[in-house]
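Q: The following block contains the structure, expressed as structure tokens.
The values are calculated or read from the model by the stated rules, or taken from the named source; none is laboratory data. Quantities reported herein were computed from a predicted structural model and do not represent experimental measurements. Positions of Cβ are backbone-derived with ideal geometry, glycine not excepted, and every protein chain shown enters the neighbour counts.
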Amino acid sequence: MTQVLMPTLGRRDPLSRFSLFHTTDLDEARDRVAHVFCEHELRVSGRAAQVDTRMQHAPIKGVSLNRLRYGPTVEIDVGCLQDFLLVMMPTGGKADIRCGKQAIHSSPELASVVTPTQYLSQTVYDGCDQIMVKIDRTLLENVCAQHLGHPLREPLEFRLGFEMSSRGGVSWQALVSWLVSEFEQGAPMLGSSLVSAQVEHLLVTTLLMAQPNNYRDELLNPAPSIAPRHVRRVEEYIQAHADEDLTIGDLAACAKVSTSALFAGFREFRSTTPMAYLKSVRMQRVRDELRDPASAEKTVTAIAVRWGFNHLGHFAADYKNRFGECPSRTREKALA
């Protein structure tokens, strides 16, 4: 298929109106990039004595478009991104990307999709120029859960290599190219909270559908969208009473059906169980409270117990499995 984004960007200076910095100082380059993304180690490779780093940055709510060039070959150790996903698309040059157990040689034909919960390191070769789309992890997970119709059972994980000539790759490029163009033209509609919310939702949905991930099959082949009334009634009840001591009997009574009918409804229409759904809602409530500065005086233990997690060892393990970090780390970042 014909590529869309890369040739277009190669004929001009994309995002030039959004220059963030230009420096030949290695420490400044690392610190300025870290301010947009996250802390990392940065080393110049080969004979080059210094970097020649330029970065553009255009934010829109939970998403930002970025353009980054280091100049000489550099080696970067990042660790886990944790709070965001990154799609890195070279418009010129190459990079070796390693994320978790996956590794690719990235080029204008092969972009990379970096899963937030997996370890990232890379070698970016001299002359490599990349457009990077940063997506807030909470936004990503919320949109995915909305399409699924149930909370995520495990963290999202993407295939690292993103073929730009694939049908999904062409669609993704066309969308990013349009957004770059809108930014460059100073389109006033991007200042509208309504429009920006729609744009970020479209970006996330396109990525979820275009790039293989551990929820893609379910997203492309959803269960019947209209769940029985008793399933929806229980979901609403759980959302309103998640901090109460609920049993499967209580939920069945609320739904006015037998426990077996309730289990069958959740299994068929939500691919989970009523109590697993309750646990997932409670786990999200814990995370929301840990990230709320207003809860700074509460301990992690107190918050966990409030939401029904009395076995703290199991809670911490389940929390890390779902969110990719331990509860104390969530609290630390919220208070930083």
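Q: Which residue, of LEU208, LEU202, is of a type in the set (A, V, I, L, M, F, W, C), buried (at least 16 other Cβ atoms within 10 Å of the Cβ), under 16 Å from the mean Cα position of the chain (by Cα) and not assigned by TED's automatic domain parsing to the domain that holds TRP307?
A: On inspection, the qualifying residue turns out to be LEU208.
Q: Okay, moving on. Counting just the residues of segment 180-227 that are of a type in the set (Asp, Glu) and touching a helix residue (DSSP H, G or I) at 6+ places or on another chain (Cβ under 7 Å), which one comes out modelled with the highest pLDDT?
A: Filtering segment 180-227 for residues that are of a type in the set (Asp, Glu) and touching a helix residue (DSSP H, G or I) at 6+ places or on another chain (Cβ under 7 Å), the one modelled with the highest pLDDT comes out as GLU200.
Results for (1) under 24 Å from GLU235 (Cα atoms); (2) of a type in the set (Ser, Thr, Tyr); (3) part of a helix (DSSP H, G or I), shown as yes or no for each residue.
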residue	(1), (2), (3)
ARG282	yes, no, yes
ASP288	yes, no, yes
LYS298	no, no, no
ALA302	no, no, yes
GLU325	no, no, no
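Q: Within segment 65-90, can you find the residues that are more than 22 Å from GLN173 (Cβ to Cβ) and polar (S, T, N, Q)?
A: THR73, GLN82
Q: Here are the criteria: (1) assigned to a helix (DSSP H, G or I); (2) under 20 Å from the mean Cα position of the chain (by Cα). Tell me which single one ARG153 does not satisfy.
A: (1)
Rundown of residues vs (1) touching a residue at least 40 places away in the same chain (Cβ under 8 Å); (2) within 26 Å of LEU207 (Cβ to Cβ); (3) hydroxyl-bearing (Ser, Thr, Tyr), yes/no style:
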residue	(1), (2), (3)
ASP52	no, no, no
SER64	yes, yes, yes
PRO72	yes, no, no
VAL87	yes, yes, no
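Q: How many residues are in contact (Cβ under 8 Å) with a residue 12 or more places away in the chain and either outside the structural domain of ILE76 (by TED's automatic domain parsing) or under 21 Å from the mean Cα position of the chain (by Cα) (or both) when one looks only at segment 13-38?
A: Of the residues in that region, 4 qualify.
Q: Considering each residue of segment 308-334, count those that are more than 21 Å from GLU141 (Cα to Cα) and in contact with a helix residue (DSSP H, G or I) (Cβ under 7 Å, 6 or more places away or on another chain), and give that number.
A: 3
Q: Next up: Count, please, the residues in segment 101-111 that happen to be without any contact (Cβ under 8 Å) to a residue 60 or more places away in the chain and farther than 17 Å from LEU207 by Cα.
A: Final tally of qualifying residues: 7.
Q: Take segment 117-156 and flag every residue that is touching a Leu at 6+ places or on another chain (Cβ under 8 Å), charged (D, E, K, R) and either closer than 19 Å to ASN221 by Cα or not assigned by TED's automatic domain parsing to the domain that holds PRO59 (or both).
A: Residue satisfying the conditions is GLU141 alone.
Q: Search segment 240-252 for residues that are surrounded by fewer than 15 Cβ atoms within 10 Å (Cβ to Cβ) and pair each with any residue that is assigned to a loop (DSSP other than H, G, I, E, B) and not polar (S, T, N, Q) when their beta-carbon atoms are under 6 Å apart and the residues are at least 6 apart or on different chains.
A: Note: no pairs meet the criteria.
Q: Which one of the conditions (1) in contact with a Lys or Arg (Cβ under 8 Å, 6 or more places away or on another chain); (2) farther than 18 Å from TYR119 by Cα; (3) modelled with pLDDT under 95 does GLY62 fail to meet, given that it meets all the rest?
A: Result: GLY62 passes all but (1).
Q: Within segment 262-278, count every residue that is over 25 Å from the mean Cα position of the chain (by Cα) and either surrounded by 15 or more Cβ atoms within 10 Å (Cβ to Cβ) or of a type in the set (Ser, Thr, Tyr) (or both).
A: 8
Q: Can you tell me which residue within segment 279-307, out of those that are at pLDDT 90 or above and of a type in the set (Gly, Ala, Ser), is surrounded by the fewest Cβ atoms within 10 Å (Cβ to Cβ)?
A: ALA302
Q: Looking only at segment 63-99, which residues are surrounded by fewer than 22 Cβ atoms within 10 Å (Cβ to Cβ), part of a strand (DSSP E or B) and not aliphatic (A, V, I, L, M)?
A: SER64, ARG69, GLU75, ASP77, GLY79, CYS80, PHE84, THR91, GLY92, ASP96, ARG98
Q: Hand me the list of helices (runs of 4 or more DSSP H) wholly inside segment 159-252 holding 2 or more residues that are closer than 19 Å to THR273 by Cβ.
A: 229-241
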